[in-house]
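The values are calculated or read from the model by the stated rules, or taken from the named source; none is laboratory data. As the structure is a computational prediction, the values presented were derived from the model and not from experiment. Cβ coordinates were reconstructed from backbone atoms using ideal geometry, including for glycine residues, and neighbour counts include every protein chain displayed.
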């Protein structure tokens, strides 16, 4: 079974053909370990920008998302 990886030149070739109809929406996202209290117990987990709830990422159809 042959696999095509995201770094494959064939993927890059098709990505250059893709047209974007919108704008680029940029929002920084930082993942970090966090200890949360759930039902009275401390639980090690991951956070996004320091919270359990990820921020809302708004974009319109055709927009490109970028996380620096």
(message) Under 8 Å between Cβ atoms, which residue pairs at least 6 apart in sequence (or on different chains) link something in the range 1-14 that is modelled with pLDDT of 85 or more with a partner that is surrounded by 10 or more Cβ atoms within 10 Å (Cβ to Cβ) and part of a helix (DSSP H, G or I)?
(response) 4/11; 5/11
(request) Filter the range 15-53 down to residues that are touching a strand residue (DSSP E or B) at 6+ places or on another chain (Cβ under 8 Å) and outside any strand (DSSP E or B) and give me whichever is modelled with the lowest pLDDT. (result) 20
(request) For the range 18-58, enumerate the residues that are surrounded by 10 or more Cβ atoms within 10 Å (Cβ to Cβ) and over 13 Å from the mean Cα position of the chain (by Cα). (result) 22, 23, 24, 34, 36, 43, 45, 46, 47, 51, 52
(message) I'm trying to understand the selection: among the residues of the range 15-34, which are touching a residue at least 24 places away in the same chain (Cβ under 8 Å) and closer than 28 Å to residue 47 by Cα?
(response) 23, 24, 25, 26, 27, 28, 29
